[in-house]
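Undergrad: Just passing along the structure, written as structure tokens.
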Amino acid sequence: GERTLAMIKPDGIVGNHTHFIKTTILASSFTILQEITLQLDRHTAQGFYAEHSSRTFFPDLIDFITSAPVLIMVLDKVSAVSDWRALIGPTDASKAKLTHPHSIRAMCGVNVQRNCVHGSDSTKSAAREISFFFNHTDSGGNVSEHDEL
Ligand code: GTP
Ligand code: MG
């Protein structure tokens, strides 16, 4: 199959949505190949979201994503990248509640920032993000360098 990176964000962990989200993942025929719970530090969060570093919401995003632990998973399925994006729904959870009411973000998220889950947006992004957390690279974070819970 294909691999993608999924993350349950701090609002999903604190809001106790982990069990529902993992059940939904498995019911949707994904295999969870790897998973780890991490408390991201600011440096790691900034590296993960580097593409957004010039955006006005970037400081708020870093505050949010470092506010509590996250659960990071490598998912495997045919068309894993697009299937996971479809399952999580639009970025803005408040809009998702209207347009994609059965999506994970509609059911578990709150707004454009507190949207409960992350999904790689392309196979290229998926490769970068999986390496960032699960293989050692010079540029990225590595689980051995972070605070595994
Ligand atoms: P990810 O799967 O988390 O990458 O979300 P996405 O691909 O649907 O959205 P994008 O990559 O554009 O944005 C990354 C994250 O930044 C979003 O998931 C939100 O948590 C946050 N974000 C995006 N746009 C906004 C915004 O306009 N305001 C705020 N406060 N946060 C935003
Ligand atoms: Mg994105």
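The values are calculated or read from the model by the stated rules, or taken from the named source; none is laboratory data. Please read all numbers here as calculations on a predicted model, not as lab measurements. We place every Cβ from the backbone using ideal geometry, glycine too, and count neighbours over all the protein chains shown.
Undergrad: Looking at the structure I just gave you, is T4 assigned to a strand (DSSP E or B) and of a type in the set (S, T, Y)? Lay out the reasoning, then the answer.
TA: Numbers: assigned to a strand (DSSP E or B): yes; of a type in the set (S, T, Y): yes.
Criteria met by T4.
Undergrad: Consider L61 carefully, then state whether it is under 14 Å from the mean Cα position of the chain (by Cα), over 18 Å from I130 (Cα atoms) and at pLDDT 95 or above.
TA: Judged against the criteria, L61 is a match.
Undergrad: Have a look at F20, F48, F58 and point out the one that is more than 14 Å from ligand 2 (Cβ to nearest atom) and among the aromatic types (F, W, Y). Step through it out loud before you land on a result.
TA: Numbers: F48 fails: more than 14 Å from ligand 2 (Cβ to nearest atom); F58 fails: more than 14 Å from ligand 2 (Cβ to nearest atom).
After applying the criteria, what remains is F20.
Undergrad: So, one more: Could you please find all residues in the stretch 36-69 being more than 20 Å from V112 (Cβ to Cβ) and acidic (D, E)?
TA: If the condition is that a residue be more than 20 Å from V112 (Cβ to Cβ) and acidic (D, E), then D41 is the only one that fits.
Undergrad: Next question, about the same structure. Identify, from the list S54, S82, S144, the residue that is away from ligand 1 (no atom under 12 Å from the Cβ), more than 16 Å from G12 (Cβ to Cβ), surrounded by fewer than 13 Cβ atoms within 10 Å (Cβ to Cβ) and at pLDDT 95 or above.
TA: None of the others qualify; the one that does is S54.
Undergrad: Give just the number: which of (1) exposed (fewer than 13 other Cβ atoms within 10 Å of the Cβ); (2) in contact with a helix residue (DSSP H, G or I) (Cβ under 7 Å, 6 or more places away or on another chain) does F64 not satisfy?
TA: Answer for F64: the failing condition is (1).
Undergrad: Answer with yes or no whether R114 is under 17 Å from L71 (Cα atoms) and free of Cβ contacts under 8 Å to residues at least 60 places away in the same chain.
TA: So R114 does not fit the description; no.
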